[in-house]
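Inspection log for the structure reproduced underneath, given as structure tokens.
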């Protein structure tokens with residue numbers, strides 16, 4: 001496994017792979033890898049000849065009330081995990097390489113990014129699409145892999161790729177859940193036992209709403225009310241949003257449409273922000 005920090009070196013490596021007829025997969029991460037990203041790397045390895053895992057802590061993604069200093073950094077563990085999972089290259093550019101001083105060019109998707117996390121985290125998805133566009137130009141992947149937990153991110157990047165004519169497939173890998181149902185994620189490792197019990201309210205709310213939808217309930221209002229009620233029983237859970245949306249456009253739905261509907265949730269557990277979702 002190679003570790004590459006230079007954009008030029010990454011471009012040269014990619015050119016050689018493509019000249020040899022290799023298929024390329026990209027798994028974009030911000031480091032502090034967890035079981036969900038392990039699943040993405042392994043899925044990418046099964047579908048492509050060469051797998052690039054990017055580790056780039058995007059400073060643009062952090063809002064006014066979010067501190068980049070609080071994001072965990074585990075480079076030694078991350079590299080070991082990438083090698084175990086079969087990554088061919090870990091692309092680890094320094095912040096100033098991707099976003100040099102005076103950087104003033106941005107890529108912004110203006111529809112799919114607006115609701116849900118877009119409404120509660122202004123500028124977040126502009127940060128995502130800007131860096132993803134740069135990674136697409138540098139790595140030139142045939143496919144890029146996201147987790148179902150970040151369904152809106154995948155949808156935003158998919159629309160950007162389609163409208164800017166990037167020839168890349170967006171692949172969404174099912175959410176990995178820990179034994180108690182909590183979706184795998186960076187914050188999990190920091191939870192106290194009591195915080196973790198509170199955080200389980202999200203997966204419990206999703207599970208109950210899915211059971212209701214599977215039994216024939218088609219009213220978003222009923223499903224949202226039930227999910228909100230379950231989370232409201234936990235005093236440390238502060239709901240940011242509960243919504244049923246089209247899984248591709250993130251537009252609000254008036255009726256549950258099997259195969260197209262996504263129940264998306266975001267909430268604070270004390271000072272930790274979580275997201276989760278389930279397809280209905």
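Observations on the model:
- Residue that is surrounded by the fewest Cβ atoms within 10 Å (Cβ to Cβ), among those in segment 45-61 that are touching a helix residue (DSSP H, G or I) at 6+ places or on another chain (Cβ under 8 Å) and without any contact (Cβ under 8 Å) to a residue 40 or more places away in the chain: 49
- Yes/no for residue 176 being within 18 Å of the chain's Cα centre (by Cα) and within 30 Å of residue 228 (Cα to Cα): yes
- Here residue 83 passes the criteria (1) touching a strand residue (DSSP E or B) at 6+ places or on another chain (Cβ under 6 Å); (2) within 20 Å of residue 35 (Cα to Cα) except the one numbered (1).
- Residue count, segment 1-44 (criterion: touching a helix residue (DSSP H, G or I) at 6+ places or on another chain (Cβ under 9 Å) and assigned to a loop (DSSP other than H, G, I, E, B)): 10
- Of the residues 254, 218, 196, 235, the single one that is surrounded by fewer than 17 Cβ atoms within 10 Å (Cβ to Cβ) and assigned to a helix (DSSP H, G or I) is 196.
- Cβ-Cβ under 8 Å pairs, at least 6 apart or on other chains, segment 83-108 side on the phi < 0 side of the Ramachandran plot and part of a loop (DSSP other than H, G, I, E, B), far side surrounded by fewer than 19 Cβ atoms within 10 Å (Cβ to Cβ) and modelled with pLDDT under 95: 99/59; 99/60
- Selected residue (only one of 190, 169, 211 is in the same structural domain as residue 134 (by TED's automatic domain parsing) and surrounded by fewer than 19 Cβ atoms within 10 Å (Cβ to Cβ)): 169
- Test for residue 128: is it buried (at least 20 other Cβ atoms within 10 Å of the Cβ), out of contact with any strand residue (DSSP E or B) (no Cβ under 8 Å at 6 or more places or on another chain) and assigned by TED's automatic domain parsing to the domain that holds residue 22: yes
For every residue, the table says whether it meets (1) out of contact with any strand residue (DSSP E or B) (no Cβ under 8 Å at 6 or more places or on another chain); (2) within 26 Å of residue 265 (Cβ to Cβ); (3) at pLDDT below 95; (4) in the same structural domain as residue 155 (by TED's automatic domain parsing).
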{"site": "43", "(1), (2), (3), (4)": "no, yes, no, yes"}
{"site": "50", "(1), (2), (3), (4)": "no, no, no, yes"}
{"site": "61", "(1), (2), (3), (4)": "yes, yes, yes, yes"}
{"site": "67", "(1), (2), (3), (4)": "yes, yes, yes, yes"}
{"site": "78", "(1), (2), (3), (4)": "no, no, no, yes"}
{"site": "88", "(1), (2), (3), (4)": "no, no, no, yes"}
{"site": "111", "(1), (2), (3), (4)": "yes, yes, no, yes"}
{"site": "117", "(1), (2), (3), (4)": "no, yes, no, yes"}
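The values are calculated or read from the model by the stated rules, or taken from the named source; none is laboratory data. On a predicted model such as this, the values are computed, not experimentally measured, just so you know. Ideal geometry is used to build each Cβ from the backbone, glycine not excepted, and the neighbour counts take in all protein chains shown.
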